[in-house]
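The structure appears below as structure tokens.
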Amino acid sequence: MRELEATRAAGVGRRELLSRAGAAMAVSAAIAGSARAQSAPSPGTDGLSAAARNSGPLGARLQGVQHFGLTVQNMERAYEFYTEVLGGTEVFRHGDFQGDLVHNTLLADQDIRADELHVDPQAIGVPNLRDGDQRLDVRFIQFDNVVIELLQYRNAAEPMGGPNSFAPPLANMSPAFPRMMHICFHVRDDVDFNRFITDLEAESARRGMDQVRANRTIRVRTEAERRAAPQSANTNKVTEAPSDGWELIYCKGPEGEQLEFVKALGPVKERFADALEKRRQALDGAQ
């Protein structure tokens, strides 16, 4: 156990060199925000008491998006990508979750669905956390403005962080499927976007993450054609309002998950800033 903790500590230290100071600031802000929320009934920074906030609009009770969750097949592979390739910093990890409480919290709706279909819950991908046949492990990774939570459901006999999940991955991962989601990363304004995508693919391939493949802006019919496309075909630069100034690329991650990388420049950047200011004014007016 001591060797494992030492290894984890060393790994976090190495990743901290990759992350930016903003990540630490974001963690501190989140901790401070949590402490303020727990100190009710004293007023918050918006001047509202807990009683007033709890009877106000739902939107006024939110602090924003805390994290995006991603269920993975191979925890270590996903962890390596989001920390060592993309430079996130581990906040903490926890695992071996089992028992009635966690099962009901996460899976009650799926148990009901299985009962309605008259099938064994495992037939529709429901693990048995209740009796401990399967377990859940999680790792939280901090970026400058959001947290990603990696989740792995595994059979009890499988080790934490292993490559084998309880359920098989989806065969098709088209973003057009209803209920599919994606994680979008905001690329800094002064970054060469075309080169960023080239370097991302190269670094991922070096680590054996062959699933990390970015789309191209030109039509390609084979994987060979995709790889041979010119670097200038990496980025879609939108010029039509109201998305003018938006630059994007869609890319699969190491688990087959849908990723997006964007830059918001010029007019579209101003539109986002204006919308944020209007939201703040609306929340102030609701007090």
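The values are calculated or read from the model by the stated rules, or taken from the named source; none is laboratory data. Quantities reported herein were computed from a predicted structural model and do not represent experimental measurements. Note: ideal-geometry Cβ built from the backbone for every residue, glycine included; neighbour counts use all protein chains shown.
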Does residue 133 fit the bill of being out of contact with any Asp or Glu (no Cβ under 7 Å at 6 or more places or on another chain), at pLDDT below 95 and at negative phi? no
Given (1) closer than 30 Å to residue 163 by Cα; (2) more than 23 Å from the chain's Cα centre (by Cα), number of the condition residue 200 does not satisfy: (2)
Segment 215-232: number of residues that are surrounded by 12 or more Cβ atoms within 10 Å (Cβ to Cβ) and either closer than 21 Å to residue 146 by Cβ or acidic (Asp, Glu) (or both): 1
Answer yes if at least one residue in segment 95-111 is among the charged types (D, E, K, R), touching a helix residue (DSSP H, G or I) at 6+ places or on another chain (Cβ under 7 Å) and not in a helix (DSSP H, G or I), and no otherwise. no
Every residue from segment 263-282 that is out of contact with any Gly (no Cβ under 6 Å at 6 or more places or on another chain) and buried (at least 17 other Cβ atoms within 10 Å of the Cβ): 263, 264, 271
So, in segment 71-122, exactly how many residues are within 23 Å of residue 260 (Cβ to Cβ) and of a type in the set (S, T, N, Q)? 5
Would you call residue 181 out of contact with any helix residue (DSSP H, G or I) (no Cβ under 8 Å at 6 or more places or on another chain) and either aliphatic (A, V, I, L, M) or under 30 Å from residue 127 (Cα atoms) (or both)? yes
Top-ranked residue of segment 114-130 - restricted to ones that are closer than 17 Å to residue 167 by Cα and of a type in the set (D, E, K, R), ranked as surrounded by the fewest Cβ atoms within 10 Å (Cβ to Cβ): 120
Is segment 79-91 home to any residue that is modelled with pLDDT of 95 or more, of a type in the set (A, V, I, L, M) and either more than 24 Å from residue 181 (Cα to Cα) or in the same structural domain as residue 197 (by TED's automatic domain parsing) (or both)? no
Among the residues of segment 146-177, which ones are farther than 11 Å from residue 71 by Cβ and within 18 Å of the chain's Cα centre (by Cα)? 146, 147, 148, 161, 173, 174, 175
Boolean, residue 179 is loosely packed, with under 12 Cβ neighbours inside 10 Å and over 23 Å from residue 86 (Cα atoms): yes
